Each structure stands twice: as C-alpha cells, then as structure tokens.
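Laboratory data are not the source of any read-out in this text; all were calculated from the coordinates shown. What you see is a predicted model; the values in this text were computed from it and never measured. Note: ideal-geometry Cβ built from the backbone for every residue, glycine included; neighbour counts use all protein chains shown.
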Amino acid sequence: MATPHTHAATPGHEACSGCSLCLLACPVWRATRDIRLTPHGRAKAIQNGVAVLELAESIDACTLCGACEPACPENIPLVDAVQQLRKQLAGLSPERDALLKTLLDQHVVVNHRQGSASETLLVPDRALAEHPAMTERALKLSAGRPMGMAGDIGADIALMLESGTPVPGERLQRFLDPLQKVGRLVVGDGLLLRALRTWLPGKPIDGFGFAATSVANVRRSLGQDDFYVIESRAFHSDWERLVLHYDALRVESGCAMNLDLQRLAIPTTAGSLPALTGKNRVDVHDQARWILEGREFSRIVVEDFNDIAIFNAVTDKPVVHLAELR
C-alpha cells in the first residue's frame, strides 16, 4: 500500500534557497518573528547538519496550514516535510510521546451508519462530526447527488498524520476498505484529504469547502456583506485549481475572503496540533482579529467548525458554518 505523500524526485530541504517567500502567510512567523520556527529556518538548519531533536521546538510549532507551499518557488512539499520530521521525532522525547498518546486516546474510532456503496460519502472532520445536527445539514449539500455519512471518519488517523505517528497497517486498511467501494468522497480534514488522494488514486475526492460551494443554492446564499473564511489546509493542498474556484465565487457573490494579496488563505490555526496540545505559538484570537482587520461585513461564514468559537470571541457579528447555507 502506498504511504501518504510519497514523492518521486521531489525537492527537499536541500533545495531551499533562503528566499523567505514561505514567510508571506506563515502564522508562526507573524506571531513570533523567530526565523528558527519557520520553514526557512528549519531548511537552513537541516542544510547545516542540525539533528532533528534539536529542531523539535520548530517542528512542533508548525500549524501545517500549508500557506508556505504555494509561495515556495522551489516547489518543496513543506507540509510533507514537517510530517516526515515529526515521524523522525517519535521515540526521542518521552514527554512528547506521552502527550501525543493522550491525544490519540481521545480520538477514538466512532462508527456511524455507513452510506450505501453507490453514494458520495462525507468524511467529516472530528469537530463537525461532534455536532450531529450540523453534520446532517452538511449531508444535504451534495449538488443533487445522494450523500451518505462515512461509517469511520478516521479522526485518529488524521491526528496520526499530523503528529507523525505511524498509522498501523491494519487500522489503515480497515478505514480504507469501505471508502474504496464508493464513487466519490467529500473530506472535511485537510491533511486526511491529501493522504486519501495518495491512498486511493483515481477516486474523485474533494474537500468539504469546495464541494459545498459548488452547490448553486449555497453560492446564492453568499453576498457582499459576508466574510468567507476558507479552510487553509484543503485549499493549499490543491491551490492551483482552488484559487480559481474561490476567486470565481468571490466575484460572483461579492463576499470578502481570508485571502492575502498572493491569494494564500490566512488561517486562525484553531484546530492545529499546537492548539490541541496547548503549545500554539499563535494567539488564535489575535490571528482572527488580524484576519478581520479593516473589513466591513455583516456575517462570517466559516468552512472549519473550529473557527466558529474563535470568531465569536472577537466579534459581535453572527458566525455561521458553511453547512448552514442552503
């Protein structure tokens, strides 16, 4: 079975020229101004022979938002690079290993009623799946095609991917087997989305944000008074295609978006591993305020359920999830 993000002859840290374009939308750089905690800093350290354990602080500071990847002129798969470095950290720090085990124990496998083999299946992220009423709304955003709920949403696998914890082969096979039988997948977790495209080559797999905003009624529900917050991981994993999709949506609806001048999606980082471990270098509320700075809007629409609480804390304007638009 293929492993996630296997790249043949793709550039690695050795290809980094030190141009620092990866800092353009890096939330950790904005929060800390510490070059050591950035893709640039990690690459230069590795080029100079620094051991992975010495880079542990930098490796774990990354939010894996993916904004650095489209900015990199050397086309280095920087998200993959951090995931690989985290794999190398496994077993080197008992304290880190214990913290990750505690998190994984909380991400237990939850079995839902599996949709039929002929359906498009929704594989929601954990935050959305924990709100059944919202998940039911999400299932109706299918552009006229029947959509069922995946019996196993792979929340533990998504966390393993993010933390660098090896995914046991039997667990992975059990997750993939029912997904192989359906025609199309709609995936909520951006890192899991990237991996599934490698594990299930040739299968139509889209992120939830793209799938939902491809529905005519949803597009008509957005207007010029809305501020739309794209989930950064799924967006940056397929940036060349999705930047055109969201730009067309922005022009059609008139809404503003969390895109900078390079059309990179600025994240709150609320659902990232550093946020889950309580070691986030990014103040998510400060990041949210910065995203909204200078904007005029009446409503915020988010793709990532984790962002609802964050934006509710920094504005008195209504914040709704994309699934609520119908």
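Observations
- Residue (of Trp239, Leu53, Trp199) at the positive-pole extreme of the chain, dipole from beta-carbon charges: Trp199
- Here is the short version for the chain: Cys16, Cys19, Cys26, Cys62, Cys65, Cys72, Cys255 have no other Cys C-beta closer than 4.7 Å.
- A simple rule links phi to the HN-Hα coupling: the Karplus curve 6.51 cos²θ - 1.76 cosθ + 1.60 with θ = phi - 60°, which for the stretch 286-293 gives 5, 5, 5, 4, 5, 4, 8, 4 Hz, with x for Gly and Pro.
- Per residue of the chain, the DSSP helices (runs of n ≥ 4 H) give a summed -39500 (n - 2.57) that works out to -12000 deg cm²/dmol at 222 nm.
- Shape call, the stretch 220-324: gyration tensor on alpha carbons, a/c limit 1.5: oblate
- Legend: translational diffusion of the stretch 286-326 by Stokes-Einstein, Rh = Kirkwood radius over C-alpha pairs, 25 °C, 0.890 mPa s; D = 233 µm²/s.
- Rounded to the nearest 20, the size of the Cβ-charge dipole of the stretch 123-180 about its Cα centre is 260 debye, with Lys and Arg at +1 and Asp and Glu at -1.
- Amide H contacts for Gly207 (H built 1.01 Å from N in the peptide plane; partners 5 or more residues away or on another chain; cut-off under 5 Å): Val187.
- Cross-link partners of Lys87 among lysines (Cα-Cα below 17 Å; sequence separation of 8 or more within a chain): Lys101
- Over the chain, relative contact order from alpha-carbon pairs under 8 Å, at least 6 apart, %: 19
- When the pairs Lys181/Lys279; Lys203/Lys279; Lys181/Lys317; Lys44/Lys279 are compared against a 31 Å limit on Cα-Cα distance, Lys181/Lys279; Lys203/Lys279; Lys181/Lys317 fall above it.
- In Hz, Karplus ³J(HN,Hα) per residue of the stretch 153-161 (6.51, -1.76, 1.60; θ = phi - 60°; x = Gly, Pro): 8, x, 4, 5, 5, 4, 5, 4, 4
- Take each peptide in 293-302, 25-34, 56-65, count the other Cβ atoms within 10 Å of every residue, and average; sorted highest first, the result is 56-65, 25-34, 293-302.
- Close amide H pairs (under 5 Å, H built 1.01 Å from N) link Asp152 with His112, residues at least 5 positions away or on another chain.
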